[in-house]
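Here is the structure we will look at.
Laboratory data are not the source of any read-out in this text; all were calculated from the coordinates shown. Because the structure is a prediction, the values reported are computed rather than measured. Virtual Cβ from ideal backbone geometry, glycine too; neighbours counted across all protein chains shown.
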Amino acid sequence: MADLLIKNIGKLVTPLGSAAVSGEEQGRAHVMEGAAIAVTGGKISYVGEQAGAPDAAEVVDAGGRLATPGLVDPHTHMVFGGFRQNELEMKLAGVQYLDILRGGGGILSTVRATRAEGEEELYAKAADFADRMMRHGTTTVEAKSGYGLDLDTEMKQLRVISRLSREHDIDVVATFMGAHACPEEYKDRRDAYIDYVAEEVLPKVVELGLAEYADVFAETAVFDIAQSRRILSAAKKLGLGIKIHADEINRIGGAELAAELGAASAEHLLQASDAGLDAMAESGTIAVCLPTTSFNLDKNFARAKLMVEKGIPVAIATDFNPGSSPGYNMQFAMTLGCLKLRLMPAEVLCAATLNAAAAIGRAASKGSLEAGKDADIVIWDAPDLNFIFYRYGNNQVYSVIKSGKVIV
Ligand code: IZC
Ligand code: ZN
């Protein structure tokens with residue numbers, strides 16, 4: 001007897017497998033009609049015809065709706081003080097994102113707010129975001145530090161992330177991003193700041209087990225390729241997986257660096273060169289596309305179709321942060337995945353589930369509806385996948401099941 005049975009699923013759509021998929025495979029969703037899913041001990045124990053499903057202690061009637069894996073958001077900066085709505089009018093007046101940062105605003109204003117905020121307040125705010133993410137179908141999320149830029153505040157942020165993963169229903173994967181910007185104390189001394197992060201902050205993070213990945217903002221006026229290579233190499237040597245904010249605003253060779261270092265993923269990639277993408281295909285680095293950021297900054301969109309053609313596994317994330325992407329709704333990111341990245345619905349679903357899970361080291365347990373995987377499931381107020389992506393702007397979640405527990 002199972003713990004939970006979800007019956008009367010009109011359509012079940014899922015990628016299959018326990019690793020990132022690429023090329024044509026990315027668009028090959030498994031579709032089943034009239035399906036049921038059983039859950040035992042928080043894991044999926046049965047996926048198949050309703051007629052063959054086991055009895056269960058609790059039954060959820062999906063009422064003929066669509067079921068997919070829980071969404072995985074593999075790139076967020078969800079622990080932060082304050083907001084930055086003041087940037088809206090600057091942006092409308094034509095001030096560029098990097099110019100706001102150069103002027104001491106942007107990331108640096110969030111750093112001031114995050115340093116000033118107590119740990120409890122930061123936790124309460126992040127937990128509220130996590131509640132809202134789950135109501136929108138996100139069951140696993142990656143969260144980066146990087147609004148501390150000093151030992152104490154980076155640790156404070158990482159402790160909040162760690163507490164979230166222990167106490168909240170949502171699953172959280174932590175990434176250390178001390179190299180997110182150069183703090184005001186190190187103004188014009190970027191190399192010295194990178195030394196400080198590599199020698200004093202990073203080893204403590206690893207010692208306390210507070211992060212699985214390290215990330216860097218490789219960008220003009222932030223960290224150059226040599227500085228990015230230095231911090232990521234140090235992280236890799238200490239056993240962390242690596243990620244890189246690569247070629248978002250300017251083409252500086254971030255995609256090439258990601259491939260050179262064997263990064264798990266490279267993010268943004270709006271300006272990535274053909275050679276950089278070829279190198280990523282070769283190294284198996286996942287491209288994490290962030291279409292809501294392009295939308296919010298009014299920039300071009302990553303060349304996701306070309307990435308798929310080149311055999312790069314493509315994932316989609318929200319980049320949720322108070323500046324360049326103030327929303328956590330994966331449904332909107334997925335709609336833009338279709339309309340702006342020009343991916344087909346099945347490719348987008350894979351990008352937001354299995355490939356997203358792979359980008360944060362969770363493809364063995366998440367990202368598809370298969371026996372043995374975690375029972376993270378979304379029932380949609382929709383008859384099929386196209387419907388969700390085409391009918392954007394409202395929350396289309398009907399029910400969310402996390403580790404077998406009905407949350408929504
Ligand atoms: O706070 O602006 N791009 N980091 C790199 C961000 C955006 C977050 C922010
Ligand atoms: Zn980011």
How big is the antiparallel share of DSSP beta bridges in region 196-275, given as a percent to the nearest 5? 0
Sort out for me the Cα centre separation of region 300-333 from region 1-38, rounded to whole Å. 23
If you stretched the chain out fully between LEU339 and ASP131, how much longer would it get, using 0.36 nm times the residue separation minus the C-alpha to C-alpha distance? 72.1 nm
Length-normalised contact order for region 1-84 - Cα pairs under 8 Å, 6+ apart - percent: 41
Testing the spin-label approximation: label points 7 Å from Cα along Cα→Cβ at LYS237 and ALA364. State their distance in nm. 2.8
Under a straight-distance cross-link criterion of Cα-Cα below 13 Å, which aspartates and glutamates are reachable from LYS91, leaving out those fewer than 8 residues away in the same chain? ASP99, ASP298
Based only on other Cβ atoms within 10 Å, what is the fewest-to-most ordering of THR138, THR335, THR40? THR40, THR335, THR138
Let me understand region 18-108 better: what is its radius of gyration from the alpha carbons, and its Dmax, in angstrom? 23.0, 64
In what order do LEU385, LEU238 fall by count of nearby beta-carbon atoms within 10 Å, going from fewest to most? LEU238, LEU385
Jot down the per residue volume, in cubic angstrom and as a whole number, of the convex hull over the alpha-carbon atoms of region 118-169. 68
The percentage of Cα-Cα pairs in region 172-286 separated by more than 20 Å is 36
DSSP-defined beta bridges in the chain - what % are antiparallel, rounded to 5: 45
Convex hull per residue volume in Å³, alpha carbons only, for region 292-355: 74
Region 303-401: Rg to Rh, with Rh as the Kirkwood radius over Cα pairs: 0.96
Full-extension gain between VAL31 and ARG189, please, as 0.36 nm times their residue separation minus the C-alpha to C-alpha distance. 51.4 nm
How much net charge surrounds ALA315 when only other residues with a Cβ under 10 Å from its Cβ are counted (Lys, Arg +1; Asp, Glu -1)? -2
Assertion target for THR220, THR175, THR153, ordered by fewest C-beta neighbours within 10 angstrom first, is THR220, THR153, THR175
Pairs from LYS7/LYS305; LYS236/LYS373; LYS243/LYS305; LYS125/LYS340 whose Cα-Cα separation, in the structure shown, is over 24 Å: LYS7/LYS305; LYS236/LYS373; LYS125/LYS340
Label region 63-175 by shape, choosing from rounded, prolate and oblate, from the square roots a ≥ b ≥ c of the eigenvalues of the Cα gyration tensor; if a/c is under 1.5 it is rounded, and otherwise prolate applies when a/b is larger than b/c, oblate when it is not. oblate
Describe numerically, in nm with one decimal, the distance between label points set 7 Å from Cα along Cα→Cβ at ARG102 and at ASN250. 0.8
Along each principal axis of its Cα atoms, how long is region 340-381 end to end? Whole angstroms, biggest number first, please. 33, 28, 12
Share of Cα-Cα pairs in the chain beyond 38 Å, in percent? 16
Would you work out the relative contact order for the chain, in percent, from Cα pairs under 8 angstrom that are 6 or more residues apart? 22
